[in-house]
Every structure is written in C-alpha cells, then in structure tokens.
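Inspection log for the structure reproduced underneath, given as structure tokens.
The values are calculated or read from the model by the stated rules, or taken from the named source; none is laboratory data. All of these numbers come straight from a predicted model, not from anything done at the bench. Here Cβ is always computed from backbone atoms with ideal geometry, including for glycine, and neighbour counts include all displayed protein chains.
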Amino acid sequence: MKRFSDLIEQEILALAISLEEEDARIYADYAKGLEDNYPASAKVFAEMSGEEDTHRRRLIELHRKKFGEHIPLLRRQDVKGFVSRRPLWMVRPLGLDKVRKQAEVMELETQRFYERAMERTSDASVRQLLGDLAQAERGHEAIAERLEEKILDRGARKEEEETRRRLFVLQVVQPGLAGLMDGSVSTLAPLFAAAFATHNTWETFLVGLAASVGAGISMGFAEALSDDGSLTGRGHPLIRGVITGAMTALGGLGHTLPFLIENFRLATTIAVLVVAVELWVIAWIRSRYMDTPFLQATFEVVLGGVIVFAAGILIGNA
C-alpha cells in the first residue's frame, strides 16, 4: 500500500475519480436495495448517486486537460488510511438508519480526503477543483436533507415508517415471539414433571437446561430452514434462526434457573412466578405488535401455559 504523502498530483486525481465512482455505485446500490420497501428514500440515494457521477466527470475532465486520457488505476485499498467498507451483500437486509449512517461516514471520509489532497497539490486549477469538491461534500448532508424534504412528503414518510414497522415485526418480532412462546411453554411439562418426580433441584435444573438448549437448537434450525426470505420478505434465514433459537432457549432458561436454589419449595415458588411473568410478557408482545387484544392474548397464552404446567405436575406425581 502507498502512503498518501507519497502520491503525486496525477495519482491524487486518479484516486479521487475512483472514490467518486465507488461512492456513486454504492448509492446506486442503496437505491436499488431500498426501492421495494422504501421507494421515496431510494429516490434520494439515486439523486445522491447522480451528484457523485457529476463530481467524477469534473475530475476526469481536469485529468484529461492536465495529464491526458490514461487514468492510472488507484483505489482506496491501495492507499493507507482509508476505512475498509463492507460489501453491500454483507449489510443486508438494508434499513434506512443503517444506510443513512453509512452515507454520513462516506461523505465525511471523502471530504477529509479532498481537504488533505489540497495540501498535496500546487497546481491552481487542481486545488480549486479539490476545494470545490470538499465544499460540495460538506454540503451533501444539506443536499440530502433538501432531497428528503422534496421527495419524502408526509405521506411517503408515513408509508415508509409503516413499512419499517412491518418489516421489524416480520423479521424480528415474529421469530422471536415464536421462540419465546415455544421455550416458555414447551419446557414447562418436562421441567415440573422432573421437579415433582424427584424433589431434587439440581436434577430438575439439568432437565430444564437440556430441554431449553435442545428446544433452542431445534427451533433455530427449523426457522432457518423454513424459507430463505426471498419471497416472503421475512429476512435472512440465518438471522431469523439465531433470533428464534436464542429466544426459545431464553424462554426455557427463565424458569429453569431458579432450581439452582437448593431449597425445593423456594425454587419451585420462584419458578412459578417467573412463568407468570413470561406468560405476561408474551401476551404483551402479542398485543403490542400482533394487533391482538390484550385480554384475548392473555387468555390464550395463560390457558396454554396452565394446561402444559398441569400436565407436567400430573406426570411428575404419577
């Protein structure tokens, strides 16, 4: 890698051309990735891609006048000091907050590059253009804000916020809720069956731990393999699988951990209280995100939990 201080004027211009081209393509990729769910914001990034293309053309025109047609191939990874950027496919699914934050970082880095590049050049026309572009990068945040005000009217903003909420529910809440319900309810029977069969808190804890971890692994794989999310919009299968598996294990561990207490009566009492809290949380999440009336959600969740809980006690006392 070359040090920035070792670059000559032609190489500085070549690097600037490469940076503007890369930024334009990244913004175009953002626009493409957002167009299905956030069409208004996608248009903003398409406009910003056009701005970067304009900068690239101005730089190429200056290079042609000063150094001819051949532009040396010099990229950000060839020069020390630049931040490595993750490929677009590694930051999916795209979200508005994620891409806007990345855009701010890109603009700040490019601005600093032009400011440092001005210090490395003595040609008046090169300094002028680099200074103009540095000023343009400083103003890109304001440009983005103006574009958003022009393109993202109240209706578009409301629609995109609703889309963001829908995707959050579809990709995070639903798999997490499915895991929490399975972990909280399905482990009740083996846990309390072991508790009342043995009256041994350590053995009960081991049964609960095995049931929770096993259920987490099973649910995680089942969710990850259910579909790839390309048609349903449910997001990356690996992320869904991790969310579901983790919440399943957490749901079971919540009422398993009290059995680390040696006193059986005290451990069982705390475990029952934890179960009540878990069922209330599940009912609240269903009411908050799944548009289910709270009383209906409470009745459905509690009824299922009580049935499984009773089954565990009956089997344990058999």
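Quick check on segment 181-228: of everything there that is among the charged types (D, E, K, R) and crowded, with 20+ Cβ neighbours inside 10 Å, which residue is farthest from Leu250 (Cα to Cα)? Please lay out each step first, then the result.
The initial filter retains those residues of segment 181-228 that are among the charged types (D, E, K, R), namely 182, 203, 223, 227-228.
Still in the running and crowded, with 20+ Cβ neighbours inside 10 Å: 182, 223.
Details: Asp182: 10, Glu223: 16 Å.
Per the stated criteria, the residue is Glu223.
Would you confirm, using the coordinates I've provided, whether Val105 is among the β-branched types (Val, Ile, Thr), within 29 Å of Arg240 (Cβ to Cβ) and either at pLDDT 75 or above or surrounded by fewer than 14 Cβ atoms within 10 Å (Cβ to Cβ) (or both)?
Yes, satisfied.
So, Arg288, is that one without any contact (Cβ under 8 Å) to a residue 24 or more places away in the chain, under 30 Å from Gly33 (Cα atoms), charged (D, E, K, R) and in the same structural domain as Ala189 (by TED's automatic domain parsing) or not?
Criteria met by Arg288.
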